[in-house]
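Trainee: Take a look at the following structure, please.
The values are calculated or read from the model by the stated rules, or taken from the named source; none is laboratory data. Bear in mind the structure is a predicted one, so any value in this text is a computation, not a measurement. Positions of Cβ are backbone-derived with ideal geometry, glycine not excepted, and every protein chain shown enters the neighbour counts.
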Amino acid sequence: MKKRIASVTERVKEILSSPIGRWAFIGAVLALILIIPLMNFQQRAFWVRVIGYTGLYIILGLGLNVVVGLAGLLDLGYVAFYAIGAYAYALLASGHFDTHISFWLVLPFAALLAGFAGILLGIPVLRMRGDYLAIVTLGFGEIIRMLVTNLTDLTNGSQGLIGIDSPYLFGLELKTSTHFYYMILIFVIIAIFVTQRLDRSRVGRSWVAMREDEDAAQMVGVNTTRYKLLAFAVGAFIGGLGGAIFSAWQGSIFPDNFNIMVSINVLCLIIIGGMGSIPGVVIGSFALITLPDILRQFSDYRLLLFGFLLVVMMIARPEGFIPSQRRRLELHAEEIAHAGPSETITEGGS
Amino acid sequence: MPLLEIQNVHAYYGNIQALKGISLHVDQGEIVTLIGANGAGKTTTLRVISCLLKPRQGSVLLDGQDLSEFKAHQVVNQGVAMVPEGRGVFSKLSVMENLELGAYSRSDKAEIQEDLERVFEIFPRLRERRSQVGGTLSGGEQQMLSTARALMARPSLLVMDEPSMGLAPVLIESVFESLIEINKQGTTILLVEQNAHMALQVATRGYVLQTGEIVLSDSVEGLRKNAMVQKAYLGIE
């Protein structure tokens, strides 16, 4: 029995590692995701919302993955940028100040504002590493949440902001979950494309060198100051984008939407998927955001079961579901070495 | 004009003075060694050369140009490549990726390829292991990788911090042989070592550093005959 499962997984791996097989798989998944909202089944609205929400977390995961997975900067306050993006849109497009600027204008502004905040956070922590960096960023996330709670004149405090405008696209008001489902899907694809290009560029290589050894990176000529700030800015930009979409979708936001659990969840989904791996972020989001909803039928035992699955997974696959090539080499170097010289990292593959 | 000239450098860590006005020079084509015990200021000297530490007084000139205007990441562009203490290989990247990062500041693809061939000729072991991750190499291989990575920057000056550290004697010998080969191909070398015995065999000249001061400077023959060096660094009574 075990052997049969092993041979099946072998076969699946084989298919997925050929380019045609991989594209066919991606195409099939994409097609399924595209038609879900069009199908007619019980609880359709529920699933559209859950998967849309998962997509939002994929966007956040891709952003934080740049900071944590690629550049190696442990950021525990990522929710701050999500909040900045969300509040930027909510303040500029609602009855609160009676300003109603178009979503498509505010979206880039909200993302840029968050990116700018990322640089502001980055400057004081340039010389920090590891745990110290984690503590400062954790504090930053809390500071932003406290600010939106207490700046009542600006943000309406814990009463939150309600009646946030829906976006319009060619005269169509985007307000149902299905609309946002498709919008988020498009942004997920854009974010995957952009982060993938960054990863494989000179910028990505600079991040990786910095992550591995900061001094050695400087010695080969990497401007670590610039690339650290760039990582914070790119991550924050994507977080801000996610925040603006979130506030437009939900129509109302409250400081509680931006508590530390958001940061922790996003970090966890990256770890579960496999640090630094883009497909890992996608799988991790489904595992961490969708799965708890699937388990909802077990009601009270849901989180227990979920925690159990996480423990099993960390024992069985410490490197995550779809590890980036490098982490796999790191954690299973011995097995690979015993299997003989491997050419998994090709000469151009950096 | 010397390739590297350090003039009266004073350097501090906070209030603690690590270098008390050292001066030395390295001429084009030489192998110069800087020997000294633990805490003498060897690594500090290298941190000053690589602009990781700014001297409070004095200057470092490369080809007559003051290096203090540059940031640490720009030094390699000026032609100084470092092989840091403890090797500093990117342990999760493959040998090939390590070498590519060595050529980070260059864009001349054809010449990079040429240099890759060159370092593989000097260190054939690295060619065999090119897809292996750095962290799984043996100590000697990591030293080769670190040296090869520095060479990928095509430096005019190669600065090495204790390449013999933690290596078996037979490996130390092969590391030093490769240094001679690298030097023959035209790269000037500043070799910082505790292992005076080996260093004095490959270098042409040497300096002795003690508690932040240069106490001796001579040709290696002169240093080998010096009573103080024999007693303190070569273990000859």
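Trainee: With the condition kept exactly as written, say whether any residue in the stretch A:225-234 is of a type in the set (Phe, Trp, Tyr), more than 23 Å from A:Pro108 (Cβ to Cβ) and away from chain B (no Cβ under 14 Å).
Mentor: no
Trainee: Separate question: Among the listed residues A:Val8, A:Val66, A:Val29, A:Val50, identify the single one that is under 20 Å from A:Pro279 (Cα atoms) and out of contact with any helix residue (DSSP H, G or I) (no Cβ under 7 Å at 6 or more places or on another chain).
Mentor: Values: A:Val8 fails: under 20 Å from A:Pro279 (Cα atoms); A:Val66 fails: out of contact with any helix residue (DSSP H, G or I) (no Cβ under 7 Å at 6 or more places or on another chain); A:Val50 fails: out of contact with any helix residue (DSSP H, G or I) (no Cβ under 7 Å at 6 or more places or on another chain).
Going through A:Val8, A:Val66, A:Val29, A:Val50 in turn, the sole match is A:Val29.
Trainee: Follow-up question, since we're still on this one. Looking at A:Ala287, is it surrounded by fewer than 23 Cβ atoms within 10 Å (Cβ to Cβ), on the phi < 0 side of the Ramachandran plot and among the small types (Gly, Ala, Ser)? I'd like the intermediate steps shown before the answer.
Mentor: Working: surrounded by fewer than 23 Cβ atoms within 10 Å (Cβ to Cβ): yes; on the phi < 0 side of the Ramachandran plot: yes; among the small types (Gly, Ala, Ser): yes.
Yes, satisfied.
Trainee: Does the stretch B:120-134 hold any residues that are more than 8 Å from every other protein chain (Cβ to nearest Cβ) and β-branched (Val, Ile, Thr), and which are they?
Mentor: The one that is more than 8 Å from every other protein chain (Cβ to nearest Cβ) and β-branched (Val, Ile, Thr): B:Ile122.
Trainee: Also: Quick one: is A:Met146 surrounded by fewer than 17 Cβ atoms within 10 Å (Cβ to Cβ), among the hydrophobic types (A, V, I, L, M, F, W, C), in the same structural domain as A:Ala86 (by TED's automatic domain parsing) and closer than 20 Å to A:Asn259 by Cβ? Please lay out each step first, then the result.
Mentor: Working: surrounded by fewer than 17 Cβ atoms within 10 Å (Cβ to Cβ): yes; among the hydrophobic types (A, V, I, L, M, F, W, C): yes; in the same structural domain as A:Ala86 (by TED's automatic domain parsing): yes; closer than 20 Å to A:Asn259 by Cβ: yes.
For A:Met146, the condition - surrounded by fewer than 17 Cβ atoms within 10 Å (Cβ to Cβ), among the hydrophobic types (A, V, I, L, M, F, W, C), in the same structural domain as A:Ala86 (by TED's automatic domain parsing) and closer than 20 Å to A:Asn259 by Cβ - is met.
Trainee: Could you grab the pairs with beta carbons closer than 7 Å, sequence gap of 6+ or different chains, first residue in the stretch A:190-206 and buried (at least 17 other Cβ atoms within 10 Å of the Cβ), second one among the small types (Gly, Ala, Ser)?
Mentor: Sorted first by the residue in the stretch A:190-206, then by its partner, the pairs are A:Leu198/A:Gly204; A:Arg205/A:Ser350.
Trainee: Please enumerate the residues belonging to the stretch B:91-113 that are among the β-branched types (Val, Ile, Thr) and within 10 Å of chain A (Cβ to nearest Cβ). Spell out how you get there, then give the answer.
Mentor: Pass one, the stretch B:91-113, residues among the β-branched types (Val, Ile, Thr): B:95, B:112.
Hit for the stretch B:91-113 is B:Val95, nothing else.
Trainee: Take the residues of the stretch B:45-59 that are within 25 Å of B:Leu145 (Cβ to Cβ) and not in a helix (DSSP H, G or I): which is farthest from the other protein chains (Cβ to nearest Cβ)? Let's see the steps before the verdict.
Mentor: Kept after step one, since they are within 25 Å of B:Leu145 (Cβ to Cβ), are these residues of the stretch B:45-59: B:45-47, B:49-52.
Okay, now just the ones that are also not in a helix (DSSP H, G or I), so B:50-52.
Numbers: B:Ser50: 6, B:Cys51: 9, B:Leu52: 7 Å.
Within the stretch B:45-59, the match that is farthest from the other protein chains (Cβ to nearest Cβ) is B:Cys51.
Trainee: Taking helices (runs of 4 or more DSSP H) that fall entirely within the stretch A:294-347, which contain at least 1 residues that are modelled with pLDDT of 70 or more and not basic (Lys, Arg)? Let's see the steps before the verdict.
Mentor: Working: elements: A:302-316, A:325-331, A:333-338.
In the stretch A:294-347, the matching helices (runs of 4 or more DSSP H) lie at A:302-316.
Trainee: If you take the residues of the stretch B:60-78 that are in contact (Cβ under 8 Å) with a residue 24 or more places away in the chain and either under 19 Å from the mean Cα position of the chain (by Cα) or closer than 18 Å to B:Ile189 by Cβ (or both), which of them is farthest from the other protein chains (Cβ to nearest Cβ)?
Mentor: Per the stated criteria, the residue is B:Leu61.
Trainee: Are any of the residues in the stretch B:120-134 under 29 Å from B:Ile6 (Cβ atoms), surrounded by fewer than 22 Cβ atoms within 10 Å (Cβ to Cβ) and modelled with pLDDT of 90 or more?
Mentor: The initial filter retains those residues of the stretch B:120-134 that are under 29 Å from B:Ile6 (Cβ atoms), namely B:122.
Adding the requirement that they be surrounded by fewer than 22 Cβ atoms within 10 Å (Cβ to Cβ) leaves B:122.
Filter once more, so that each one left must be modelled with pLDDT of 90 or more: B:122.
The answer is yes, given that some residue of the stretch B:120-134 is under 29 Å from B:Ile6 (Cβ atoms), surrounded by fewer than 22 Cβ atoms within 10 Å (Cβ to Cβ) and modelled with pLDDT of 90 or more.
Trainee: Any residue that is over 18 Å from A:Val194 (Cα atoms), among the hydroxyl-bearing types (Ser, Thr, Tyr) and touching an Asp or Glu at 6+ places or on another chain (Cβ under 9 Å) - is there at least one of those in the stretch A:244-259?
Mentor: Scanning the stretch A:244-259, I find no residue that is over 18 Å from A:Val194 (Cα atoms), among the hydroxyl-bearing types (Ser, Thr, Tyr) and touching an Asp or Glu at 6+ places or on another chain (Cβ under 9 Å), so the answer is no.
Trainee: Could you list all residues from the stretch B:17-38 that are farther than 20 Å from B:Met198 by Cα and in contact (Cβ under 8 Å) with a residue 40 or more places away in the chain?
Mentor: Start the filter on the stretch B:17-38 by keeping residues that are farther than 20 Å from B:Met198 by Cα, which leaves B:17-25, B:27-28.
Correct list: B:Gln17, B:Ala18, B:Leu19, B:Lys20, B:Gly21, B:Ile22, B:Ser23, B:Leu24, B:Asp27, B:Gln28.
Trainee: Only one of B:Leu116, B:Leu145, B:Leu137 is surrounded by 23 or more Cβ atoms within 10 Å (Cβ to Cβ) and either within 14 Å of another protein chain (Cβ to nearest Cβ) or not polar (S, T, N, Q) (or both). Can you tell me which?
Mentor: On the way: B:Leu116 fails: surrounded by 23 or more Cβ atoms within 10 Å (Cβ to Cβ); B:Leu137 fails: surrounded by 23 or more Cβ atoms within 10 Å (Cβ to Cβ).
When all the criteria are applied, what remains is B:Leu145.
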